[in-house]
Amino acid sequence: MLNWLDISVFVLFFAVVVGVSMFKSRREKGSEDYFLGGRGLIWPLIGISIVAANISTEQFVGMAGQGAGSVGLAVSNWQLFGSIGIVLISFTLLPRFLKAGIYTMPEYLEYRYNKAARSIMAVITVVIYVGVLLTAVLYSGGLTLNTIFGLDLRLAIWLIGIIAALYTAWGGLKAVAWADLFQGIGLLAGGLFTFYIALDACGGWEKFSTVNADSLHMILPASHADLPWTGVLLGMPIVLIYYCGLNQFIVQRNLAARTLRDGQLGMVLAGALWLLVPFAIVMPGIMSAQLYGERITNSDQAFPTLIRELITPGVRGFIFAALAGAVVSSLASMLNSAATIFTMDIYKPLRPDAPQKRLVLMGRALTLVFMAIGCLMAPQLADPSFKGVFNFIQNFQGYIWPGVVAAFVVGMILKRAPEISGAVVLVAGPVIYWLFQTFSSLHFLIQVAITFVILCAVMAALTLVKPLPAAKALPVRKEMNLRTEPVVYLAGALVIAAVGVFYAIFW
């Protein structure tokens with residue numbers, strides 16, 4: 001249970017986070033200010049904010065749980081492939097999006113295809129964000145606080161939901177980014193501190209690596225049920241193109257960059273910080289299984305059990321704040337992005353003359369509505385049939401990954417792909433993936449890969465049958481310098497090299 005010192009540390013942490021974020025965003029008036037931070041974010045803020053948005057209890061609970069289970073260190077492929085992917089995307093997709101000056105990813109599809117494509121992606125994205133991501137993160141956050149500190153599950157869910165909604169509704173993206181600066185540093189520091197304490201309890205690195213030698217591999221057999229190397233090689237690149245380059249709650253920070261240099265260096269910084277995830281999250285999960293395996297009835301309890309058993313009072317308050325901060329930062333990002341997409345891609349096209357104040361008011365109201373929906377749905381995941389938060393999130397997002405990546409990437413390659421092709425693959429993607437989920441036993445990443453290949457073939461066929469007379473022209477922000485500086489290439493190369501070293505050690 002929490003003592004007075006734990007509670008004091010927790011309250012102080014969030015008082016600083018909420019206070020600074022609301023102060024820094026106090027002048028956000030128009031839609032560009034509210035939804036894109038006035039397009040003035042600098043690269044350290046972007047990089048740490050991406051990490052804070054990405055790393056939540058999906059990782060601290062779900063990823064650490066898979067580390068403690070049959071997947072082991074190989075679950076780190078999600079973050080390390082992401083480190084490579086986000087660097088490459090900073091060189092390729094980001095300049096295109098900044099040049100176009102878009103608010104949202106669905107908006108780009110209207111310029112490339114038509115309004116139908118924009119609307120379809122907007123609706124699918126909002127449904128996935130609210131019905132899957134928000135719900136799962138709220139549940140896993142509530143479960144963590146319930147396991148460690150004995151808080152009632154529903155109370156814990158509403159507590160973190162209200163904190164996230166408070167400053168997000170107030171200040172929009174800039175408030176989220178400034179809060180992430182504190183929460184991102186706190187969650188990585190908390191994870192690394194836990195790694196240090198747990199490693200000592202395991203008897204040091206030599207003993208830990210010997211006892212868990214079978215779990216410390218990045219490449220698993222093709223027959224592995226949870227993460228075969230074939231799925232990693234074929235399906236994971238598609239997932240990470242979407243996640244790092246087309247996913248609104250990650251990309252929104254890059255669209256708000258002050259310059260291309262800031263956007264690119266921010267993405268590279270995020271890729272570098274993701275290299276800490278195996279140490280801050282996955283290995284502690286493996287350590288928990290070594291130390292307390294007989295007490296862990298559900299693998300999702302691995303990281304919370306480690307905190308409850310090892311961390312002393314006082315320090316526990318900081319870890320409590322770091323874990324809650326991880327949940328809150330991801331929730332805030334999802335709430336802000338879902339509100340942005342609904343306002344700019346669904347509401348504004350219906351009310352093109354809506355004044356700026358009404359758009360901001362709509363964004364604030366939707367933030368609160370989406371938070372309430374998530375808090376009401378999250379406790380339903382406590383059902384005994386639920387098979388783990390990480391698998392839940394990844395499997396359900398398979399409905400959106402192939403179609404969105406095909407619409408964007410193939411649409412950039414096949415410049416004369418017809419307007420109808422964007423809407424066709426966005427609708428067909430979920431249907432084809434559902435058929436695989438229903439009638440196939442293939443790993444879901446392989447299902448994603450096959451679905452993507454089918455959609456590419458559909459777009460190619462439509463292009464052959466009825467190509468556009470000429471490639472569509474996209475909007476151009478003339479004030480944006482789109483030359484990638486040498487320092488960005490150097491920093492990106494160092495991140496990719498570091499990933500290569502990690503694979504060489506733990507292959």
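Quick note: the coordinates plus some simple rules give every number you see, no bench work behind them. Model, not experiment: these values are computed from the prediction. Heads up, the Cβs are rebuilt from the backbone with ideal geometry, glycines too, and the neighbour counts pull from every protein chain shown.
Against the chain, whose longest principal axis is taken from its Cα atoms, helix 260-274 shows a tilt of about 30°. Figure legend: label point modelled 7 angstrom from the Cα of Ala497 along Cα→Cβ; residues of segment 262-279 with amide N under 20 Å from it are 265-276.
Considering only Cα-Cα distances, which of the following residue pairs are longer than 20 Å: Lys115/Lys348; Lys99/Lys348; Lys348/Lys466; Lys99/Lys466? Listed pairs above 20 Å: Lys99/Lys348; Lys348/Lys466; Lys99/Lys466. Between the beta carbons of Leu468 and Ile219, assuming R0 = 41 Å, the FRET efficiency works out to 0.45 to the nearest 0.05. Residues in segment 448-461 carry Karplus couplings, in order, of 4, 5, 5, 4, 4, 4, 4, 5, 4, 5, 4, 5, 5, 5 Hz; the curve used is 6.51 cos²θ - 1.76 cosθ + 1.60 with θ = phi - 60°, and Gly or Pro positions show x.
Residues in segment 300-307 carry Karplus couplings, in order, of 5, 8, 4, 5, x, 5, 4, 5 Hz; the curve used is 6.51 cos²θ - 1.76 cosθ + 1.60 with θ = phi - 60°, and Gly or Pro positions show x.
Extension gain for Ile373-Val427 works out to 16.9 nm (0.36 nm per residue, less the C-alpha to C-alpha distance). Annotation: peptides 47-56, 205-214, ranked by per-residue average of other Cβ atoms within 10 Å with the highest first, follow the order 47-56, 205-214. Estimated from helices alone, the mean residue ellipticity of the chain at 222 nm is -22500 deg cm²/dmol (sum of -39500 (n - 2.57) over DSSP H runs with n ≥ 4, per residue). Determine the distance separating the Cα centre of segment 294-337 from the Cα centre of segment 41-103; give it in Å without decimals. Centre-to-centre distance over Cα atoms comes out at 19 Å. For the chain, the longest principal axis of the alpha carbon atoms and the long axis of helix 153-201 meet at an angle near 40°. Rounded to the nearest whole Hz, the Karplus-based 3J(HN,Hα) values (6.51 cos²θ - 1.76 cosθ + 1.60, θ = phi - 60°) of segment 59-75 follow the sequence 8, 4, 9, x, 5, 4, x, 5, x, 6, x, 7, 7, x, 4, 4, 4, with x at glycine and proline. Whole-percent P(r), segment 51-138, all Cα pairs, 5 Å bins from 0: 3, 11, 14, 16, 19, 18, 10, 6, 3, 0. Ordering Ala256, Gln356, Thr230 by Cα displacement along the dipole of segment 4-383 toward the positive end leaves Gln356 in first place; charges were set at the Cβ atoms of Lys, Arg (+1) and Asp, Glu (-1). In a simple Cβ point-charge model (Lys, Arg +1; Asp, Glu -1; nothing else charged), the chain has a dipole of about 1860 debye relative to its Cα centre. Averaged over residues, the count of other Cβ atoms within 10 Å places the peptides 254-261, 414-421, 113-120 in the sequence 254-261, 113-120, 414-421, highest first. Once both labels are positioned 7 Å from their Cα atoms along Cα-to-Cβ, the gap between Ile505 and Arg351 label points is 5.4 nm. Over 33 Å, how big is the tail of the calculated P(r) for the chain, in percent of all Cα pairs? I get 35 percent for the Cα pairs in the chain exceeding 33 Å. Rounded to the nearest 10 degrees, the angle from helix 77-100 to the longest Cα principal axis of the chain is 30 degrees.
Taking the average, over residues, of other Cβ atoms within 10 Å as the packing measure, peptides 230-241, 274-285 rank 274-285, 230-241 from highest down.
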